[in-house]
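Here's the structure we're looking at; comments come further down.
The values are calculated or read from the model by the stated rules, or taken from the named source; none is laboratory data. Being a predicted model, the structure only gives us computed values, none of them experimental. Here the Cβ positions follow ideal geometry from the backbone for every residue, glycine too, while neighbour counts run over all protein chains shown.
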Amino acid sequence: MITEIVSFDLPADMPRDTVLALFEQTVARWQGHPDLIRKQYLYDAGANRGGGVYLWATRAAAESAHDSAWCDTAETLYGSRPTFAYFETPFVVDNRAGEILR
């Protein structure tokens, strides 16, 4: 598994409600993605930053989902081009489900 951290700068004057509404518009896209295991949305009002933490089956799946067309759309919506970091994820402890993903 691969953890992908995506982040982007938000306009200083973008209200929290607007950020959350934009995030909400993307939920259906991620719910139906076959290679996405989990996604967490990120918002830091103090730093004017947003993004997401994604858990993918493979890095190729992550890179495919966040291609240049997706980056263009993110830049249009949020006002800046996203940056990406990738980490091998050998284990995930899921306390709610009571399981460890490998």
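From (1) over 18 Å from Leu10 (Cβ atoms); (2) surrounded by fewer than 12 Cβ atoms within 10 Å (Cβ to Cβ); (3) of a type outside the set (Gly, Ala, Ser), pick out the condition that doesn't hold for Gln40.
(1)
Show the residue pairs meeting these rules: Cβ distance below 8 Å; 6+ apart or different chains; first residue within the stretch 4-30 and at pLDDT 95 or above; second residue part of a loop (DSSP other than H, G, I, E, B) and among the hydrophobic types (A, V, I, L, M, F, W, C).
As it stands, the answer is Arg16/Ala45; Val19/Leu10, since those pairs meet every condition given.
State whether the residues of the stretch 24-35 include one that is in a strand (DSSP E or B), in contact with a Leu (Cβ under 9 Å, 6 or more places away or on another chain) and surrounded by 10 or more Cβ atoms within 10 Å (Cβ to Cβ). Break it down stepwise before answering.
Let us first name the residues in the stretch 24-35 that are in a strand (DSSP E or B), namely none.
No, the stretch 24-35 contains no residue that is in a strand (DSSP E or B), in contact with a Leu (Cβ under 9 Å, 6 or more places away or on another chain) and surrounded by 10 or more Cβ atoms within 10 Å (Cβ to Cβ).
Please indicate, with yes or no, whether at least one residue in the stretch 77-85 is in contact with a His (Cβ under 8 Å, 6 or more places away or on another chain), at negative phi and not in a strand (DSSP E or B). Before the answer, list the steps.
Our first condition is that a residue be in contact with a His (Cβ under 8 Å, 6 or more places away or on another chain); within the stretch 77-85, this holds for 82, 84.
Those still in the list that are at negative phi too: 82, 84.
Cutting the leftovers down to not in a strand (DSSP E or B) gives us 82.
There is at least one residue in the stretch 77-85 that is in contact with a His (Cβ under 8 Å, 6 or more places away or on another chain), at negative phi and not in a strand (DSSP E or B).
Answer with yes or no whether Ala60 is in a strand (DSSP E or B), among the aliphatic types (A, V, I, L, M) and loosely packed, with under 15 Cβ neighbours inside 10 Å. It would help to see each step written out before you state the result.
On the way: in a strand (DSSP E or B): no; among the aliphatic types (A, V, I, L, M): yes; loosely packed, with under 15 Cβ neighbours inside 10 Å: yes.
When the stated conditions are applied, Ala60 does not pass them.
Yes/no per residue for (1) closer than 14 Å to Phe23 by Cα; (2) of a type in the set (Asp, Glu); (3) in contact with a strand residue (DSSP E or B) (Cβ under 8 Å, 6 or more places away or on another chain):
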{"position": "Gly46", "(1), (2), (3)": "no, no, no"}
{"position": "His66", "(1), (2), (3)": "no, no, yes"}
{"position": "Ala69", "(1), (2), (3)": "no, no, no"}
{"position": "Tyr78", "(1), (2), (3)": "yes, no, yes"}
